[in-house]
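The values are calculated or read from the model by the stated rules, or taken from the named source; none is laboratory data. The structure displayed is predicted, hence computed values, not measured ones. When we count neighbours, we look across all protein chains shown, and the Cβ atoms used for this are built from the backbone with ideal geometry, even at glycine. SASA here: full protein model, heavy atoms, side chains in, ligands and nucleic acids out. Shrake-Rupley method; radii C 1.70, N 1.55, O 1.52, S 1.80 Å.
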Amino acid sequence: SEREAAEDTRAASAASRPKRNWGRTIAVSLFGILVVAIAAIHVVPLDSAAYEKAASERFGVPVRIGAVNVALFPLPQVKFERITVGTEPELRIARARAAPEIGTVFTERKVFRSLELEGLVLTPAALSGALWGANASEALRIQRITAKAAKFDLGGLVLPPLDIDARLNADGGIQALTLGNAELKL
């Protein structure tokens, strides 16, 4: 009968088709989504408001941050661009990289093991000590700050660019400070 022949033909063609491995298909799709999400973390900027608020509370002066991004490679870090501290501003920073305690990246309280500054320009107001002095706010905690070739805008007094390495205590005050450049170590 024709019906039996048609069923036999369908059964033979179904048997000749390879079976789909749904587990593999789903795993490959999830891996692709994960790769895209990790790549997006490096490109999509974060809202700078939480970081500005934490820094402003910590230093007691307005802090503005132009851009904030997260990078996972080579080590997890938060990258900042175009930072100004104070109303004048007393401190300008072109770029900064922070090594966060991972659990604090998306929380209100920010904790950084280290903060590396590039393009740091300090004014006399920043040097007064009030900016880096202890403050009761726990919104931001930094353990170590480093800067290469920091410039001092001292209104006529010319200083060579200095490398700065400051270790901070739990209150945010300077525990140890090293200043130097290629010719001079203080």
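Please quote Rg/Rh for the stretch 54-165 to two decimal places, taking the Kirkwood radius as Rh and restricting both calculations to Cα atoms.
0.96
By how many nm would the segment from Thr107 to Thr87 lengthen if fully extended, with 0.36 nm per residue of separation less the alpha-carbon distance? Walk me through the numbers on the way to the answer.
Details: separation 20, 0.36 × 20 = 7.20 nm, distance 2.64 nm.
Answer, rounded to one decimal: 4.6 nm.
Give me the three principal axis extents of the stretch 75-127 from the C-alpha atoms, as integers in angstrom, largest value leading.
35, 21, 17
So how do Ile26, Ile145 rank on accessible area, 1.4 Å probe, biggest first, that is with the largest at the start?
These residues rank, largest area first, as Ile26, Ile145.
For labels at Ser114 and Ala149 in the simple 7 Å Cα→Cβ model, what's the distance in nm?
1.9
Determine the gain in length on full extension of the stretch Trp22-Arg167; use 0.36 nm per residue of separation and subtract their C-alpha separation, reporting nm with one decimal.
Difference between extended and current length: 46.8 nm.
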